[in-house]
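All remarks here apply to the structure that follows.
Values in this text are rule-based calculations from the coordinates and carry no lab data. These figures come from a predicted structure and were not determined experimentally. When we count neighbours, we look across all protein chains shown, and the Cβ atoms used for this are built from the backbone with ideal geometry, even at glycine.
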Amino acid sequence: MIIIPREYKYHDNAKLFQCYCNARRTYFKALGHNKAEMNERIAKDYAEELTRRETDVPTDDDVEKYGIFNGDGTW
């Protein structure tokens, strides 16, 4: 399930962290161009929100460790 920007206020930083990791992981592993592109865009939105909240954006190591292909927050 994608979290749309107007709903970010209902989710804590930990949820957005996980959604970012999942979207990036799906972007990296997706075979279809459209799926990869949509998850790249969604991950950017999550990153912008985390930055707005003055929270660190997960690193590629975090994505590798915590990201779930097609997990919560992916397209």
With DSSP loop assignment and no more than 15 other C-beta atoms within 10 Å, the GluC sites (Glu not before Pro) in the chain are GLU54
One would report the Cα pair-distance distribution of the chain, bin width 10 Å, in %, as 23, 58, 18, 1
Over the chain, the sum of -39500 (n - 2.57) across DSSP H runs of at least four, divided by residue number and rounded to 500 deg cm²/dmol, gives at 222 nm -19000 deg cm²/dmol
Here, trypsin sites (Lys or Arg not before Pro) of the stretch 15-75 satisfying both criteria (DSSP loop; at most 12 other Cβ within 10 Å) are ARG53
